[in-house]
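What follows is a single structure, written as structure tokens, with notes after it.
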Amino acid sequence: MRSSNQKTVLVTGGAGFLGSHLCDRLLRDGHKVVSLDNFHTGSRLNHLHHASRPDLEVIEADVADPLPYLRVDEIYHLACPASPPHYQESPIRTLKTNLLGAINVLNLSLRSGARVLLASTSEVYGDPLVHPQPEDYFGNVNSFGARACYDEGKRAAEALFHAYAAEKGADIRIARIFNTYGPRMQPDDGRVVSNFVVEALRDQPITIYGDGSQTRSFCYVDDLVEGFVRLMASNVRTPINLGNPGEFSMTKLAAMVVAMTGSHSSVSFMPLPADDPRRRRPDISRAESLLDWRPAVSLEAGLGPTIAYFREVVSGQSPGDRFLPLRSAI
Ligand SMILES: NC(=O)c1ccc[n+]([C@@H]2O[C@H](COP(=O)([O-])OP(=O)(O)OC[C@H]3O[C@@H](n4cnc5c(N)ncnc54)[C@H](O)[C@@H]3O)[C@@H](O)[C@H]2O)c1
């Protein structure tokens with residue numbers, strides 16, 4: 001029987017890394033979940049542990065195509081490849097996913113009367129000239145570079161969300177996500193945590209681009225999902241940074257990964273790719289004051305289950321679908 005608090009929630013990109021953890025959380029909270037995905041970078045394996053659940057529906061569809069009408073209460077719009085090798089494979093496809101996807105999802109939200117949350121990104125700040133990055137910083141983005149299809153695609157998606165709210169009354173939420181990691185990342189998708197852990201587990205040299213002094217902040221997936229849920233439930237219609245403000249250089253991260261995996265890997269240095277940001281750290285004071293949200297999982301605590309997941313993936317034992325969150329829902 002449907003309880004009064006039970007909602008029907010659409011997650012676009014639900015078979016991806018973040019989307020599948022979000023689906024797990026929403027199911028645990030008692031909601032009905034529709035996961036819509038074209039399986040470009042996501043996998044049905046990420047839903048395997050829920051295969052027989054009647055409260056999870058998986059739809060194969062592309063958000064850049066006209067979407068089927070769905071009666072839903074909330075939409076989390078995550079569909080978009082997130083790692084540079086994937087989104088640079090076809091910049092046009094990435095732009096279509098971001099632009100047409102946002103328009104189709106916003107129209108669906110208006111038709112169904114659903115609140116809609118956009119998974120935006122810290123990439124909207126580009127290579128930032130302000131540090132740490134608050135939401136009112138407009139960014140330093142190259143509209144003509146290799147990352148433009150993603151960075152400008154997300155900026156245009158934010159602008160579309162804002163325009164639909166102002167002109168048509170769409171009920172929007174916008175999360176600017178900073179680097180997030182955890183089980184179910186793909187081993188080969190070119191993100192720094194997965195790269196380092198997989199190289200360490202294989203005792204291969206750990207590849208650092210640049211001199212290793214560039215920094216990133218790393219948010220564990222459970223913390224991010226908690227931020228999503230709080231933002232969706234809030235009245236905050238302006239963009240909100242979600243990320244972990246702890247800042248680590250690439251050399252420090254590599255050393256932690258080597259120590260925690262017990263690896264024999266050395267470190268090898270390669271030239272820095274174009275437009276790679278030097279520093280990245282979220283200013284999360286808005287999330288703290290408006291959502292009462294802050295990350296609870298340290299990098300060391302989050303690397304534990306992440307390494308355990310990749311250990312099984314690298315040894316060919318598991319698609320990594322049985323990992324439970326480090327903390328239960330607050
Ligand atoms: N993980 C991070 O650190 C991070 C940081 C900033 C922003 N984000 C954003 O969060 C969202 C999810 O990222 P992720 O890390 O889970 O990446 P992911 O690649 O694992 O997941 C993206 C999902 O979207 C699906 N998808 C891609 N294009 C689609 C399309 N046209 N139609 C339908 N489905 C499509 C993929 O198959 C995949 O399942 C993305 O929008 C990404 O930009 C993630």
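A few comments on the model shown:
- Which listed residue, of Arg184, Arg191, is charged (D, E, K, R) and out of contact with any Gly (no Cβ under 7 Å at 6 or more places or on another chain): Arg191
- Evaluation of Ser20 against the conditions (1) in contact with a strand residue (DSSP E or B) (Cβ under 6 Å, 6 or more places away or on another chain); (2) within 12 Å of the ligand (Cβ to nearest atom); (3) not in a loop (DSSP other than H, G, I, E, B) shows that the sole unmet condition is (1).
- Count of the stretch 24-36 residues which are touching a Ser or Thr at 6+ places or on another chain (Cβ under 7 Å) and within 11 Å of the ligand (Cβ to nearest atom): 1
- The listed residue being among the hydrophobic types (A, V, I, L, M, F, W, C) and surrounded by fewer than 22 Cβ atoms within 10 Å (Cβ to Cβ), out of Ala61, Ala79: Ala61
- Residue within the stretch 186-196 that is modelled with pLDDT under 95, over 28 Å from Leu27 (Cβ atoms) and touching a Leu at 6+ places or on another chain (Cβ under 9 Å) present: yes
- Residue under evaluation Pro239, criteria (1) surrounded by 16 or more Cβ atoms within 10 Å (Cβ to Cβ); (2) farther than 26 Å from Leu26 by Cα, criterion not met: (2)
- First in the stretch 38-52 and surrounded by 17 or more Cβ atoms within 10 Å (Cβ to Cβ), second anywhere and not in a loop (DSSP other than H, G, I, E, B), Cβ under 6 Å, 6 or more apart: Thr41/His86; Asn46/Ser20; His47/Val58; His50/Leu56
- Residue check for Leu110: surrounded by fewer than 16 Cβ atoms within 10 Å (Cβ to Cβ) and either in contact with a strand residue (DSSP E or B) (Cβ under 9 Å, 6 or more places away or on another chain) or within 18 Å of Ala157 (Cα to Cα) (or both): yes
- Looking across Asp37, Asp24, Asp62, one residue alone is acidic (Asp, Glu), modelled with pLDDT of 95 or more and more than 20 Å from Ile177 (Cβ to Cβ). It is Asp62.
- Residue satisfying condition, being modelled with pLDDT of 95 or more and either within 20 Å of Leu10 (Cα to Cα) or in a loop (DSSP other than H, G, I, E, B) (or both), within set Glu135, Glu152: Glu135
- In the condition set (1) out of contact with any Leu (no Cβ under 7 Å at 6 or more places or on another chain); (2) more than 12 Å from the ligand (Cβ to nearest atom); (3) under 30 Å from Asp275 (Cα atoms), Ser43 is compliant with all but (2).
- Across the stretch 72-104, the number of residues qualifying as near the ligand (Cβ under 10 Å from one of its atoms) and either in contact with a Ser or Thr (Cβ under 8 Å, 6 or more places away or on another chain) or of a type in the set (S, T, N, Q) (or both) comes to 15.
- Those residues of the stretch 52-71 which are near the ligand (Cβ under 9 Å from one of its atoms) and small (Gly, Ala, Ser), in sequence order: Ala61, Ala64
- Number of the exception - Ala166 against (1) under 15 Å from Tyr76 (Cα atoms); (2) surrounded by fewer than 17 Cβ atoms within 10 Å (Cβ to Cβ); (3) of a type in the set (Gly, Ala, Ser): (1)
- The residue list Ile177, Ile206 contains one member that is over 20 Å from Arg281 (Cβ atoms), at pLDDT 95 or above, hydrophobic (A, V, I, L, M, F, W, C) and surrounded by 21 or more Cβ atoms within 10 Å (Cβ to Cβ), which is Ile206.
- Total residues in the stretch 24-57 satisfying the condition of being touching a Gly at 6+ places or on another chain (Cβ under 6 Å) and of a type in the set (D, E, K, R): the figure is 1.
- Members of the stretch 110-139 that are polar (S, T, N, Q) and over 21 Å from the mean Cα position of the chain (by Cα): Ser112
- Hits in the stretch 105-132 - residues which are closer than 26 Å to Glu89 by Cβ, in a helix (DSSP H, G or I) and within 14 Å of the ligand (Cβ to nearest atom): Val105, Ser122, Glu123, Val124, Tyr125
- Among residues of the stretch 162-212, those that are part of a strand (DSSP E or B), away from the ligand (no atom under 13 Å from the Cβ) and under 27 Å from Val236 (Cα atoms), counted: 2
The values are calculated or read from the model by the stated rules, or taken from the named source; none is laboratory data. Because the structure is a prediction, the values reported are computed rather than measured. Note that each Cβ is placed from the backbone with ideal geometry, even for glycine, and that neighbours are counted across all protein chains shown.
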